Amino acid sequence: MAVDLLRVDDVHKAFGDNAVLRGMTLSVAAHEVVVLIGASGSGKSTLLRCINGLESVDAGVIMVDGLDVTADDADFDAVRQRVGMVFQSFNLFPHMSVLGNITLAPRKVLGVSADEAEQRARDLLTRFGLEAKADDYPDRLSGGQQQRVAIVRALAMQPQAMLFDEVTSALDPELVGEVLDVIRGLKESGMTILMATHEMGFARDVADRVCFVDAGRVLESGPPAQVLGDPHEARTREFLARVLG
Amino acid sequence: MSTNTGASIVEPEVPYVDPERRSRRQRRSRRNALVATLSTVVFFGVVVIAVATSPGWPVVQDAFFNGDYFALAWPEVLVALLINIKIFVVAEFFILILGLLLALTRLSKSPALLPLRIVGTLYTDIFRGTPTLLVVLLLGFGVPALNLSGLPTDPLVWGTIALILSYTAYVAEVFRSGIASIHPSQRAAARSLGLSNVQTNRYVVLPQAIRRVIPPLLNDFVSLQKDTALVSVLGPIEALRAAQIIVYGKFNYTPYIVGALLFIALTIPMARFTDWLTARQERQRSSGSR
Ligand SMILES: Nc1ncnc2c1ncn2[C@@H]1O[C@H](COP(=O)(O)OP(=O)(O)OP(=O)(O)O)[C@@H](O)[C@H]1O
Ligand SMILES: [Mg+2]
């Protein structure tokens, strides 16, 4: 019954002789929340960047909502309009206000009028408790606020799925919660989410499925209780023992 | 504001300073100001007296700072300076546009632009390595001597073109370093929002890069303002040439001093503006949260 919104099929990707993705296979159904865990360098960020067309693949197929991202004539602009991405380092545009950051892509890519883009941006900011920050510049915001604005900026393009790449790793511990709450809210509103994170507690709470990535492929995948609580693979157990201390 | 010993708890927005410490600080800063004033007055007083009483001074004064020649020269040199300003404005306009285009070409990765990238690199190497005066002479005397029909023969035009060619190479490098200094994550963020490559440059990368390179660009402007005088070797009566004509006619160097003062008056506002802008950016950077 569930339709796969994202499908990654036997994808390979190397940087020089460094084979980073080696037969990555993964799918995310509509409205599903899938969390990627795995050691540093295992290829989680690379996978997310390939899905968004920021990196090209060497072999394999990635389908986003029926569009082949890996085709030679792939229309990345169309793909990126369907999939929003948020990065570890926020990457807000420092020369634009919060409102400017959020309305840029809707105006320039979707051709939405300035008034309408601003109205939508304000509605989104209100929804995430950021309405007072609309006219501030990014360097006036806390890290947590910046990351929430980055999420709003991606949502303003009305994507069908969101990719989150360790969006809380650069935050002070007391600011992690506010960003995770936003993602939890997105799940409740039915957003399809694929995210890499080191927040195991959050993965256990929110994920529909957890995938353990090891050396460029998904080694083990299943409900969070099983993968995190009773992993089948020895590598998964080792990894969890290391991160959970 | 001055005496709120216990009130600092009630009004936390007024920083509390021990009154005794405050008055000690005030006394010290008054003393510092007095010492600075005194030492400055004494230093320059001694220099002026030493120069004015030295045996050679009357000769120097007559050759360089003669009041009559000053009065004679300055209206003429000032009018001629308008030509320098004209050269500067026209050249700067083209330099900014061509410099930015050259920088973008050299940074592009498109395979179709490879020949242009090669030309761009050669161009930069050649014109940064060649003395500006040589380019002025080569174009200003060389091209009109070819007698090619359709090409302008006005030395002013060729002098200006020479300055444009020379300075574009510098300004392109300034733009290039500015663009390269924008972190790739900014580009990735823009592309992930669906912006095209051109839109990413236009709305995200260039506005940040240009803001960053304004101080070094203004530095190059100041330098270009002076170098407009190089065109004098081709004959047009701009400020330096106007001064030179009087110098040769009267055997007195005061008109050169007039020219120097006028050029300085032209560049000082720009130099101060550059300082101010640099200081402001420095403040912004240090007060930013990242
Ligand atoms: N643009 C690039 N050029 C060269 N090598 C790269 C590039 N991007 C990533 N790599 C390499 O790919 C490997 C996997 O990196 P990736 O960022 O995907 O790992 P990750 O699982 O996200 O790790 P982390 O948990 O530290 O974020 C690393 O060895 C990295 O050095
Ligand atoms: Mg990563």
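Within segment A:92-108, can one find any residue that is away from chain B (no Cβ under 12 Å), among the basic types (Lys, Arg) and outside any loop (DSSP other than H, G, I, E, B)? Walk me through it before giving the result.
Here is the first cut: in segment A:92-108, the residues away from chain B (no Cβ under 12 Å) are A:97-99.
Cutting the leftovers down to among the basic types (Lys, Arg) gives us none.
There is no residue in segment A:92-108 that is away from chain B (no Cβ under 12 Å), among the basic types (Lys, Arg) and outside any loop (DSSP other than H, G, I, E, B).
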Does segment A:17-36 contain any residue that is open to solvent by 30 Å² or more (accessible area, probe 1.4 Å) and basic (Lys, Arg)? yes
Breaking point among (1) touching a residue at least 24 places away in the same chain (Cβ under 8 Å); (2) open to solvent by less than 40 Å² (accessible area, probe 1.4 Å), for A:Ala74: (1)
Test A:Ala170 against the stated conditions and say whether it is within 16 Å of ligand 2 (Cβ to nearest atom) and surrounded by fewer than 20 Cβ atoms within 10 Å (Cβ to Cβ). yes
Kindly provide the set of residues from segment A:223-243 that are surrounded by 18 or more Cβ atoms within 10 Å (Cβ to Cβ) and not in a helix (DSSP H, G or I), ordered by number. A:Pro231
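Suppose we keep only residues that are away from ligand 1 (no atom under 16 Å from the Cβ) and under 13 Å from the mean Cα position of the chain (by Cα) within segment A:186-201. Which one would you say is farthest from the other protein chains (Cβ to nearest Cβ)?
It comes out as A:Lys187.
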Looking only at segment B:195-231, which residues are more than 10 Å from chain A (Cβ to nearest Cβ), open to solvent by 10 Å² or more (accessible area, probe 1.4 Å) and among the hydroxyl-bearing types (Ser, Thr, Tyr)? B:Ser223
Of the conditions (1) away from ligand 2 (no atom under 16 Å from the Cβ); (2) out of contact with any strand residue (DSSP E or B) (no Cβ under 7 Å at 6 or more places or on another chain); (3) more than 14 Å from chain B (Cβ to nearest Cβ); (4) closer than 27 Å to A:Glu199 by Cβ, A:Ser40 satisfies every one except a single condition; which number is it? (1)
If A:Met96 passes every condition in (1) modelled with pLDDT under 95; (2) open to solvent by 70 Å² or more (accessible area, probe 1.4 Å); (3) over 21 Å from the mean Cα position of the chain (by Cα) but one, which one does it miss? (2)
If we only count strands (runs of 3 or more DSSP E) wholly inside segment A:1-85, which ones have 2 or more residues that are within 20 Å of A:Pro224 (Cα to Cα), among the aliphatic types (A, V, I, L, M) and more than 16 Å from ligand 1 (Cβ to nearest atom)? A:18-29
For segment A:208-222, which residues satisfy the criterion of being open to solvent by 10 Å² or more (accessible area, probe 1.4 Å) and either within 15 Å of ligand 1 (Cβ to nearest atom) or over 14 Å from A:Ser27 (Cα atoms) (or both)? A:Asp214, A:Ala215, A:Arg217, A:Val218, A:Leu219
So which residues in segment B:194-237 are modelled with pLDDT of 95 or more and not in a helix (DSSP H, G or I)? none
Please work out if A:Gln88 is open to solvent by 60 Å² or more (accessible area, probe 1.4 Å) and part of a helix (DSSP H, G or I). no
Please give the number of the condition A:Arg184 fails out of (1) open to solvent by 50 Å² or more (accessible area, probe 1.4 Å); (2) in contact with a Lys or Arg (Cβ under 9 Å, 6 or more places away or on another chain). (2)
Just to be sure I understand the filter: pairs with C-beta atoms under 7 Å, separated by 6 or more residues or on different chains, first member in segment A:159-185 and within 14 Å of chain B (Cβ to nearest Cβ), second member within 16 Å of ligand 2 (Cβ to nearest atom) and in a helix (DSSP H, G or I). Which pairs pass? A:Leu163/A:Leu48; A:Leu163/A:Ile51; A:Asp165/A:Ser45; A:Asp165/A:Leu48; A:Val167/A:Gln147; A:Leu171/A:Gln147
Kindly list the number of the only condition in (1) among the basic types (Lys, Arg); (2) open to solvent by 40 Å² or more (accessible area, probe 1.4 Å); (3) more than 28 Å from A:Val206 (Cα to Cα) that fails for A:Arg49. (3)
Is there any pair with a first residue in segment A:14-42 that is farther than 21 Å from A:Ala234 by Cα and touching a residue at least 12 places away in the same chain (Cβ under 8 Å) and a second that is aromatic (Phe, Trp, Tyr) and near ligand 1 (Cβ under 10 Å from one of its atoms) whose Cβ atoms are under 8 Å apart and which are 6 or more apart or on different chains, and what are they? none
Considering residues of segment A:109-141 that are in a loop (DSSP other than H, G, I, E, B) and β-branched (Val, Ile, Thr) only, the residue farthest from the other protein chains (Cβ to nearest Cβ): A:Val112
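The values are calculated or read from the model by the stated rules, or taken from the named source; none is laboratory data. Note that this is a predicted model, so its numbers are computed, not measured. Here Cβ is always computed from backbone atoms with ideal geometry, including for glycine, and neighbour counts include all displayed protein chains. In case anyone asks, the SASA skips ligands and DNA or RNA and just uses the protein heavy atoms, side chains included. Shrake-Rupley method; radii C 1.70, N 1.55, O 1.52, S 1.80 Å.
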